[in-house]
Structure formats: structure tokens, C-alpha cells
Amino acid sequence: MTNHDASPPIFLINPDCPDVDLFEFATRRFQTVRNLMESLSCMNSCSIEGKDLNVVAEVSYHLLQEGCEVLERVHVR
């Protein structure tokens with residue numbers, strides 16, 4: 001997996017892992033991002049700080065990146 005925070009990467013995909021498990025892994029990440037976005041949409045602009053928005057955006061990016069890379073691996077198989 002691509003990891004911009006560590007060299008060499010520390011988060012690796014198990015090549016023997018069944019596709020259904022990889023799909024579930026990715027799905028959980030996408031659902032978490034969906035829930036984060038739902039929470040964010042319920043906040044008003046006066047109650048959210050720029051720092052909070054940056055943290056939500058960064059976490060969402062990493063979860064989406066992991067989910068997409070795992071799905072890409074399943075697709076390549």
C-alpha cells in the first residue's frame with residue numbers, strides 16, 4: 001500500500017487474504033468516512049474550528065486511500 005508517512009510501508013495487504021475479507025475491510029473504511037461526513041454536515045459553521053475540519057479531512061483521506069487501494073488489489077486479482 002502507498003504510505004506517505006513511513007518508509008518502508010508498514011501497512012501491507014496480506015496476499016492470501018480472501019477477497020471477501022478485503023472487501024469488508026474497504027467497506028468499513030468507506031462507511032466510517034460516510035459517518036464522518038454526516039457528522040460534519042450536521043455541524044454549523046460557528047461550532048466547527050478549522051483545526052477540527054483539517055483533522056476530519058485528513059482522517060477521511062487516509063481511510064479512503066486505504067479502502068481504494070484494497071479494492072484495487074481485489075480488482076487486479
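Give all pairs with beta carbons closer than 9 Å in which a residue from the range 36-49 that is in contact (Cβ under 8 Å) with a residue 12 or more places away in the chain and under 17 Å from residue 60 (Cβ atoms) meets a residue that is among the aromatic types (Phe, Trp, Tyr) and surrounded by 12 or more Cβ atoms within 10 Å (Cβ to Cβ); count only pairs at least 6 apart in sequence or on separate chains.
Cβ pairs passing all conditions: none.
Name the residues in the range 28-60 that are among the hydroxyl-bearing types (Ser, Thr, Tyr) and surrounded by 12 or more Cβ atoms within 10 Å (Cβ to Cβ), would you?
32, 60
Give just the number: which of (1) of a type in the set (A, V, I, L, M, F, W, C); (2) under 30 Å from residue 75 (Cα atoms); (3) not in a helix (DSSP H, G or I) does residue 56 not satisfy?
(3)
Values quoted throughout were computed directly from the atomic coordinates according to the rules given, and no laboratory measurement underlies them. On a predicted model such as this, the values are computed, not experimentally measured, just so you know. Quick reminder, even Gly has a Cβ in these numbers, built from the backbone with ideal geometry, and neighbours come from all protein chains shown.
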